[in-house]
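In what follows, a structure is listed as structure tokens, so that the remarks can point back to it.
Every number here is computed from the coordinates shown, using simple stated rules; none is lab data. All values reported here derive from a predicted model rather than from experimental measurement. When we count neighbours, we look across all protein chains shown, and the Cβ atoms used for this are built from the backbone with ideal geometry, even at glycine.
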Amino acid sequence: MAKLGTIARSGFLRNPNEGMRLIITTIFGVVLGFFIGTSFPTVSITKLHFPSSIISFIEDKNSGITTQALLNHAWTSSHKNNSMLYSNGTAKIYVPSNPKGTERLAPGIVVPESDFYLRRLWGDPNEDLQIRQKYLVTFTVGLDQKKNINAAVKKFSGNFTIMLFHYDGRTSEWDEFEWSKQAIHVSARKQTKWWYAKRFLHPDIVARYEYIFIWDEDLGVEHFNAEEYIKLVKKHGLEISQPGLDPNRGLTWEMTKRRGDSEVHKATEERPGWCSDPHLPPCAAFVEIMAPVFSRNAWRCVWHMIQNDLVHGWGLDFALRKCVEPAHEKIGVVDTQWVVHQVVPSLGNQGKAENGRAPWEGVRERCRKEWGMFQTRLADAEKAYYKKMGITPPNDTHV
């Protein structure tokens, strides 16, 4: 009987357990295979997490093949079958990490960024460029200001790509200047620099340039040198900046007035009640839109904030701080490289006279209207975000 009991414990009682284990393993394998097969290519097997008890249960210790190896084999087979082959069995490419729309291209051929470098129609492409400009300067111009622009361009070295946006449609007349033959000219009648910037200065297009100058046409540059300006911007860690303005010419904010006792300033004092916080515009984190300079990274953010239908940019200068942190340290005015705002109402004269009003009056009215629209859109967007996230908005509501 003792022998019979031993046989029962070692054989008859053991076999049912082995059979049950085999059945459970088979069922689990079928379910797992079905799940994997229906999930590719949207679910990566490497992201599946199983309880350790299940993993240890399905490991075959006698064969030495681990569960991970089995899963990797299943992933490879399914990926090849579902993602790498067309219906006729020929190989195809699908790379989800590529830029949107290029998933069917091999990553090595995808070039997501560009520049404004001029290239030859002949010769070896690798020998086209003797110099690759590090900076970009754009001016929005009319022919009446060509002498002023000629003087301004001479303040920018060969390290700068020159780009002119022509709001009057006249481009060929600029060829009297030798530099114009190497400049980039874009013409669209009666448009502003922010209209051009939104359409032609996409961050991926200007990604090769460390700094982007987006300037008006009526700036006197007698006391300005672009290379020296860049040195000071880098020295003081400015992501968004502008040259100081002559305090004796035209109306301007206190923040943007040139100071004679510093290289750069990042804060000022305004009239009583104008600044709710010394770190907020217009007392800090603020430059005007007439002559801003953006780092590559800052411009990537600012471009996305520019509204497609609001062309004058009013209100944008108060919101630039949203794109750098801390804004009161990374936005500033360069005092030792300064300009004169000549206040030429050239673009204002491109408006339309209506109801007995001068052309510039209609332009100015739209500027104010756009400012209000931009403020409302920005405030609404931020409120919607905080509500969606279920968090209390900060007290800072200044746009």
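Packing, taken as the mean count of other beta carbons within 10 Å per residue, orders the peptides 238-250, 142-154 from highest to lowest as 238-250, 142-154. Close amide H pairs (under 5 Å, H built 1.01 Å from N) link A207 with S114, residues at least 5 positions away or on another chain.
Sorted ascending by nearby beta carbons within 10 Å, beginning with the fewest, D175, D218 become D175, D218. Per-residue packing, averaged as other Cβ atoms within 10 Å, sorts the ranges 306-319, 93-106 into the order 306-319, 93-106, beginning with the highest. A rounded overall shape is assigned to the stretch 128-386, the ratio a/c of its alpha-carbon gyration tensor axes (a ≥ b ≥ c) being less than 1.5. Karplus-derived 3J(HN,Hα) values for the stretch 233-239, using 6.51 cos²θ - 1.76 cosθ + 1.60 with θ = phi - 60°, are 4, 5, 4, 9, x, 8, 8 Hz; glycine and proline are entered as x.
Applying the Karplus relation 6.51 cos²θ - 1.76 cosθ + 1.60 with θ = phi - 60° to the stretch 361-378 yields 3J(HN,Hα) values of 5, x, 5, 5, 4, 5, 4, 5, 5, 5, 4, x, 5, 5, 4, 5, 5, 5 Hz, where x marks Gly and Pro.
Across the options I306, V264, H236, the greatest Cα extent toward the positive end of the charge dipole of the stretch 198-336 (unit charges at beta carbon of Lys, Arg, Asp, Glu) belongs to I306.
Residues whose amide H comes within less than 5 Å of that of N98, counting only those at least five positions distant or on another chain, are absent (H built at 1.01 Å from N in the peptide plane).
About the Cα centre, and with charges only on the beta carbon of Lys, Arg (+1) and Asp, Glu (-1), how big is the dipole of the stretch 128-386? Nearest 20 debye, please.
440 debye
The amide H of T140, built 1.01 Å from its N in the peptide plane, has F165, W215, E217 as neighbours under 5 Å, considering only residues 5 or more places off or on other chains.
Approximating the spin labels as points 7 Å out from Cα along Cα→Cβ, the R377-to-E227 distance works out to 4.0 nm.
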